[in-house]
Structure formats: C-alpha cells, structure tokens
Amino acid sequence: MLSKRIQKYIVSLHQSKFRQKFNQFIAQGPKICLEILQSNVLSIEYIFCTKKFAEQHAKIIDNSTGNISIITNDELKKISTLNTPNEILIVAHIPEYNIDFHKNLTEWSLFLDNVQEPGNVGTILRIADWFGISQVFLGEGCASVYNPKVIQSTMGAFLRVKTLKIGFTELLQESGAADVKSYACVVDGDNYKTIGKPPGIIIIGNESKGIQNDILNASTNKISIPRIGQAESLNASIACGIVCAEFVL
C-alpha cells in the first residue's frame, strides 16, 4: 500500500524546487521506464508499478537496485502527472555529468536560450540524439530537463545526451572564447546553407522572443533558414532539426 508520506514526496517531485532540493525526478510509462531500467545509467530510488506490469517484466525489475512497490492503478493515479497513468512510475537520482567543454571546438553542441516549452526542450534532446550531438547546454529560463513533460518528450534521449545548465558567457569562457564558433538562429541572418560550417555551438532561442541581444552579440555567426511563405517564425525544435540536418550531416 502506498503510504501518505511517500505519496506526498513523489507528488512534490512534480515541482522544480523539490526536484532540486532532493536531486531526484520521476519518469512514467512502460517505454521510458523500461529503457531507464535496462540502461543502467541512472541510480533508481523507487519503482512503483502494477502487479501485471511486474509479472510481465519480472526479470528487468528484479535486476533493478530500486525499492519495488506493487500498487494499484488508483494509487498510481495519485502520484502521476499523466491524465491516464500507465503501469509504472520510477523515482531516479538526477545524474551529474562530466562535461568536456573543449568538444565545442571540434564537435557540434547546442545551446538553448530561454526555451520555455517543455515539449520543445524534449524534442531538441531527441534531435541531438538523432544527429549524434552529445552535449546540450541550457541557459536562463529554459524548461528543466527533468520536468516530467520534458522527460516524456525526450523518448529516452536524455539518457544519452549530456545536459548542463549554464550561462552563454560562461560556456564560451570554459570552451575557449577566442576560438569557439557559435551559430545563432535568427530570422534575418545569413543563409544557413551558404556559410562555412566549422563545428561549434548552435544557438536556439525563445519560441516567441528569439535569442537575447547579449548572446547574439557574443555569437560569431547569425544564420537564417530561408523563408518562402508568410509564416512569421518557425517552432524552435523544428528550426533546430533543419539546421542540424544541414550542419551535422
């Protein structure tokens, strides 16, 4: 039976301040949870699942180091953020990654500036995973990678792509500001197909406001995807995918 204390604790992890306080987050649903359990990347604290799920995936669950609790669908609903809770919820520790800043001189990385929509952050991590981009940096105002909506939308990419919350100025300093190239995606920049593309940092800005001026001023290149129609702008994650397809491949 799910105790009120544990229920209160898990519900608190729906909020960013408590995820930061306890350094833990939740993941929900069979696909993402099974991927987490099989990856052995994260330290698992709790596994809450239905009896049916536990029987179907007994070997995977038994091999986990997390505390396993069999609960009912009604109990799962009390701790889930999903409208229709789905068989399993995991509580895991937020990992600390060793970031290699000097990779920004020889490999592609992404910097997100104030990307607030969790679905966009999650999709951008999937894009990074698809194109083999191993590091994504999140600046001021970005949705947390460990927001439940971000975790769902990454489809497991957060297990393979390292992330770090950091300001752009600090990122440049750590990377070697004099040498690192950066490409700010804007509406009125140079055609992204016609510029030189030495590896560096691709900058994706806020969904409606774009990239902050201080970051624009610090970037080495301002690039645009040519527009044929009348749309005012592109969705942040779509723009990221288009640019990555051109730059990385």
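Restricting attention to region 195-249 and to residues that are farther than 24 Å from Thr169 by Cα and among the charged types (D, E, K, R), the residue that is modelled with the highest pLDDT turns out to be Glu246.
Residues that are under 30 Å from Leu164 (Cβ atoms) and touching a Phe, Trp or Tyr at 6+ places or on another chain (Cβ under 7 Å): list the strands (runs of 3 or more DSSP E) wholly contained in region 44-102 that include at least 2 such residues.
Details: elements: 44-49, 67-70, 88-93.
The qualifying strands (runs of 3 or more DSSP E) are 88-93.
For region 56-77, which positions are basic (Lys, Arg) and under 28 Å from the mean Cα position of the chain (by Cα)? So that I can check it myself, show each step before the final result.
At the first step, the residues of region 56-77 found to be basic (Lys, Arg) are 59, 77.
Within region 56-77, Lys77 is the sole residue that qualifies.
May I ask you to list the residues in region 170-192 that are in contact with a strand residue (DSSP E or B) (Cβ under 7 Å, 6 or more places away or on another chain) and of a type in the set (D, E, K, R)?
Of everything in region 170-192, those that are in contact with a strand residue (DSSP E or B) (Cβ under 7 Å, 6 or more places away or on another chain) and of a type in the set (D, E, K, R) turn out to be Lys181, Asp188, Asp190.
Among residues of region 70-107 being under 30 Å from Glu170 (Cα atoms) and polar (S, T, N, Q), the one that is surrounded by the most Cβ atoms within 10 Å (Cβ to Cβ) is Asn104. If you go through region 10-34 and pick out every residue that is outside any loop (DSSP other than H, G, I, E, B) and surrounded by fewer than 17 Cβ atoms within 10 Å (Cβ to Cβ), you end up with 10. Screening Thr169, Thr123, Thr154, Thr106 for residues that are more than 24 Å from Lys222 (Cβ to Cβ) and of a type in the set (Ser, Thr, Tyr) leaves exactly one candidate, Thr154. If a residue must be crowded, with 18+ Cβ neighbours inside 10 Å and modelled with pLDDT of 95 or more, how many such residues does region 46-69 contain? So the answer is 8.
The values are calculated or read from the model by the stated rules, or taken from the named source; none is laboratory data. Here the structure is a predicted model, which means the values were calculated and not measured. Positions of Cβ are generated from backbone atoms using ideal geometry, with glycine treated the same way; all protein chains shown enter the neighbour counts.
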